[in-house]
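Quick note: the coordinates plus some simple rules give every number you see, no bench work behind them. Predicted model only: the values in this text are computed from it and were never measured. Using ideal geometry, Cβ is built from the backbone for each residue, glycine included, and neighbour counts are taken over all protein chains shown.
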Amino acid sequence: MSERAKDRPEAQQGAPGEAGSAEAHGGAGAGDAQSGGSGGDGGGDGVEAPARIVPPGLPDRGAEYVVLALLALAMLFAVGFIVVYAEYSPAEVPNQLLGVCIGGALGFAALALAVLARRLVVTEELEDDYPQENPREQSEIAQLVHESASRITRRRLLLGAGAATGGVLGLAGLTPVLSLGPLWDTAPLDYSPWRRGRRLVDPHGYPMLASEVEEETFYTAFAEGADREDIASVLVVVRLHPSELRLPKGREGWAPYGILAYSKICTHAGCAVALYRKPRFPVVEAKPALVCPCHYSTFNPATGASVIFGPAGRPLPQLPLMIDPSGHLRAAGDFSGRVGPAWWGVREGPPT
Amino acid sequence: MSRLARTIATRLRGAAGARARWGALSAAALLLAACEGVALAQPRGGVLTPPSQPAKPTVQLGHELFEANCASCHGGLGQGISHPRPGAGDISGAAPSLHGVGAEAADFYLRTGFMPLSNIHAEPSNRRVPFTNKQVEAITDFVASLGAGPAIPHPKPRAGALNSGFELFTEDCAGCHQSLARGGFVTGARVPPLQGVDATEIAEAVRIGPYLMPRFSTKRISDAQLNSIIRYVLSTNRPDNRGGWSIGNLGPIPEGLVAWLAAIALAVLCLGLGRRLRA
Amino acid sequence: MSEPVRDPIQFIDERTAAAPLLKKALRYLFPDHWSFLLGEIALYSFIVLIATGVYLALSFEPSLAKTVYHGPYAPLRGREMSDAYKSVVEMSLTYKAGLLMRQTHHWAADVFMASIVAHLMRVFFTGAYRKPRELTWLIGLALLFTSLLEGYLGYSLVDDLLSGIGLAIGYGVLLSVPLVGGPLGVLLFGAAFPGKGVFESRMYIAHVFIIPALLATLIGAHLALVMARHHTQFKRDARHTQRRLVGVPMFPGQAPRSLALMLAVAAVLFLLGGLVQINPIWQWGPFEPWLGTNGAQPDWYLGWLIGALRLMPSFDVVIGHYTVIPNPFWGGIAFPLVVLAVLAAFPWAERRLTGDRTVHNLADRPREAPNRTAFGVAFLSWIFLVFVFGAADRLYVLFGVSYETLLTVFRVAIWAVPALAFLIVRRLCRELQHADRVEHERELAEQEAARQEAELMRRREPVI
């Protein structure tokens, strides 16, 4: 690597004998590669001192003091961090003070180095070659490979066999990944805990009385006895006036007294449909809707939770309801469709 | 950058720039017209008050204020108008009946400023409260006299528990109001933030279900539960922000803005460390 | 006589023969421009991530087993939550420097992603991805997308309400992969969402070991390639050519500057970690699949995906009973894949379109490549507008322009604005080039005039 030093305007010529801040041995002069020179360290046995690699520069005592001051500040802040950490009890330790201490320590150290870089170090501007292509080595390698195969007569066959072995070995190596879980199991996506007769319970576990379900509000419900975190278990229950219902064909009777139950899991990407809007004055205000807070898919409960706004491609599955002799709400069957975000088989056949 | 400015300046100068100047002028004129149009589309504000008002609020005063400011939509006796018909000026009046809504509803809507509404299709806003407290009391008394209805509630948030309040709020309210009651959006309406809202107002809103908000009766949310919820909402005025500057308690959006500001600040630092093209 | 500097070097060289390599490394040249330091900001953020990450990994409990909180934070007392969430709440509220480490780690991740994007833009607009640096570019893209995943997994480990909602959406997007999405989701989660907790431990090991190892390897390869080909340079004067590089040596010139930058990055990140709150998970509460909150957002670097998901009109591609392409596919998978594909193919596409297959060691000023710059601005504005729409609900709350209106406006704008931007930026680049040329010619003319004047003066003065 050749070097031809060309000084930046900041680097000054050093007087003979002054070491500047560079660590070269001896040598005065304009930074040219030349031997000789007076003073310097090393040498002394009569051998010529080597030429300077890094050009000399004038000292800057002011900058040195600044660097020292900054380093002192950095140390102060670092000590501060230790003191603050030790001083406060865990519940009271002020996060802001800790952050300022360690951030300040690092920051002042950074500033010190920056001052060093600009004022106390010679910033050279050197030249070098960009690496070029190596056509000779390229052809030599190609030749190497080619000649190494000179004893082989069935080149293509052996190569093919090698590649095939590598492929199959790789497959074999990857196969244990399948133990991560079932390879092609969609049963969990079909599963639902709802059967005819299963009771609805509120978030505290109490069965829901139909008479306590009011209009103009919404309820979260679960399948009694099922895991609450099972996304097929959770429902949103609302009540509309029966005259407002326009349910799809075949769902007559799914909403006794206008009480409707839909899966609370959005059919778009799986968030909980946690918003409900209802008009105080239906003459001018928007009709009732279940809304998902993630991408604002909006479902109309009066028409079987069909999508009226937003990106969801599928209505919320509806759960048919019935009221048992004691007045509690029970499922009258399973959902109208699979629960949750869409996938290949989400619309396939009746759910289990 | 100065070269950029010079280029644009050169383009606008001279004979060749005449077309560009006209273009800029007409664009400015269009912009001004658009602004005027938007301004004109804003609903009008202001209320009418009788020339002389008694010292204490009375049902009589309330009736007069109601006649002047509410009757065009709610009907002279608060019976409601369900088929909008054009009234005085360009006000098209329609509103629900106020019989049986009680002092609770009147107090809520008037003290917050959600009512009166100058345009029945506009979203109610709590930005301005046009009535004085005395006037609000008077109208509330009048509306309460229109039929037996719920009184102004007196919640006791100190009797509530912060932890159950947080849990209940997350279950029933956060979907619209956001976990820290910073407000949000539901299709068709803006959901207001709840900072600076007092306990009575919260209780009223929960029990009334104003505008598009669901209505939660005592069967749905008991008084004890409501106390807890209100206690939690009041605590959102001063959340536990021990991590530092909370940047609005809104989550990743302001956080991302700050991250980019920090990255830009570091890039500016690089400007100090490295060279520029035209140093 | 012992020498404090030479002795250790001799020690190392005697045992490793590394002195020539060391000398070469110490005098490796860095072309000097401030924008070449943006990648270093990313590198140093990564170091802070590792350092703070070790602390967090030692304190975090990667288990979704249910427990009850009985700690000092009143709003969560008695609440059922997972071990994972509880460990992070305790780390934040009861460990002495826990919150500082958590917040610094999270800020470092956000700034890491921002600096990668800034660095990518610099590389793109200066044409530094061209031959012979296409591999470096591809590795950089791999770093970008792997880091996106790493960040997502990192904040989803906590099992708070905000990130749990994000994980549900991730599951929904996974399911939207045509044909195999359903079984793929079940394979990764071990069951339907949220699964029995097996996904948590998979996220954990991916986030603290597998992906960081991958990132470190990719970063190493990226840096090695940069060093092997040497960095590009701007043509500042006649010395800067395709074959000849002018720069600052690593030592003593560049090293203190880079170290200063590293300490500055660490300083900024720790200052943020102490002074500006980020991801206060105790305020969100634990995640349950039936809970939601308004304004749930992913971290900023995934905002382009939520914007895309929200912009899509409502349809699933259905053939018979089979849902071939569920809706989230377009915004969650197709959109990022298109972006990745365009960026990855760009070096070769540009070669095809311009016919320029030569080696480029000189960096372009953006104006010198009007078509590339215009395309870059247009492409970025497309992504940026989608990203902005992801926050449209908050824009509505702030500025009052209805979400439905914004939806319509943006559906048009994301196509119209990039097209317009392309035309405008290209025109601007050409104008700037023209102005440069005029300026240059004027300078030459002035020099010529001055020279002629001097010549004239010389002739008038008789030499005595």
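Overall, chain C carries a charge dipole of about 1140 debye about its Cα centre when +1 sits on the Cβ of Lys and Arg and -1 on the Cβ of Asp and Glu, all other atoms neutral. Dividing the summed helix terms, -39500 (n - 2.57) for each DSSP H run of n ≥ 4, by the number of residues in chain C produces a 222 nm estimate of -21500 deg cm²/dmol to the nearest 500.
With both residues required to sit in region A:191-331, DSSP beta bridges show an antiparallel share near 100%. Summing Cβ point charges (Lys, Arg +1; Asp, Glu -1) relative to the Cα centre of region A:191-331 gives a dipole of roughly 400 debye.
Within chain B, the selection of entire DSSP H helices by a Cα span of 24 Å or greater along the long axis and an average Kyte-Doolittle value of at least -0.5 returns B:17-40, B:252-273.
Each Cα pair under 8 Å and six or more residues apart adds its sequence gap; the mean of these over the residue count of chain A is a relative contact order of 12 percent.
With contacts taken as Cα pairs under 8 Å at a separation of at least 6 residues, chain C carries a relative contact order of 20 percent. Among beta bridges identified by DSSP and lying wholly in the protein assembly as shown, the antiparallel ones come to about 95 percent. Judged by the mean number of other Cβ atoms found within 10 Å, the most tightly packed of the peptides C:86-97, B:105-116 leads the ranking B:105-116, C:86-97. As a proxy for reagent exposure, ranking B:221, C:281 by other Cβ atoms within 10 Å from fewest up yields B:221, C:281. Note: relative contact order over region A:61-120, using C-alpha pairs below 8 Å and six or more positions apart, is 56 percent. By the count of other C-beta atoms within 10 Å, a proxy for reagent exposure, C:40, B:255 are ordered fewest to most as C:40, B:255.
Run through the DSSP bridge list for chain C and note the antiparallel percent, rounded to the nearest 5. DSSP beta bridges in chain C are roughly 80 percent antiparallel. In the structure displayed, which of B:156/C:86; A:264/C:86; C:66/C:86 lie more than 20 Å apart, Cα to Cα? Distance filter (> 20 Å) returns B:156/C:86; A:264/C:86.
Arranged from fewest to most other beta-carbon atoms within 10 Å of their beta carbon, C:319, B:229, A:141 become C:319, A:141, B:229.
Among the residues of A:51-62, the average count of other protein chain beta-carbon atoms within 10 Å of the residue beta-carbon is 1. Straight-line cross-link reach from residue C:23 at under 13 Å between alpha-carbon atoms covers these aspartates and glutamates, not counting any fewer than eight positions away in the same chain: A:3, C:13. Once the C-beta distance of residue A:92 and residue C:344 is scaled by a Förster radius of 51 Å, the resulting FRET efficiency is 0.50 to the nearest 0.05. Put a plus charge on the Cβ of each Lys and Arg, a minus charge on the Cβ of each Asp and Glu, and nothing anywhere else: the dipole of region C:285-397 about its Cα centre is then about 400 debye. Listed by chain and number, the lysines whose C-alpha is less than 27 Å from the C-alpha of residue C:131, apart from same-chain residues fewer than 8 away, are C:24, C:235.
Helices from chain C with mean Kyte-Doolittle at least -1.0 and a Cα length along the axis of 24 Å or more, per DSSP H: which? The answer, listed by residue number, is C:38-59, C:98-125, C:134-156, C:211-229, C:255-275, C:335-354, C:370-389, C:403-460.
Report note on the peptides C:369-375, C:300-306, C:233-239: ranked by the mean count of other C-beta atoms within 10 Å, highest first, their order is C:300-306, C:369-375, C:233-239. Against chain A, whose longest principal axis comes from its Cα atoms, helix A:135-148 is set at around 70 degrees.
In this simple spin-label approximation, residue A:85 and residue C:318 carry label points 7 Å from Cα along the Cα→Cβ vector, and these lie 6.0 nm apart.
Taking a straight line from the alpha carbon of residue C:196, these aspartates and glutamates sit under 18 Å away, with near neighbours fewer than eight places off in the same chain left out: A:185, A:190, A:227, A:229, A:230, C:61, C:80, C:83, C:159, C:160, C:288.
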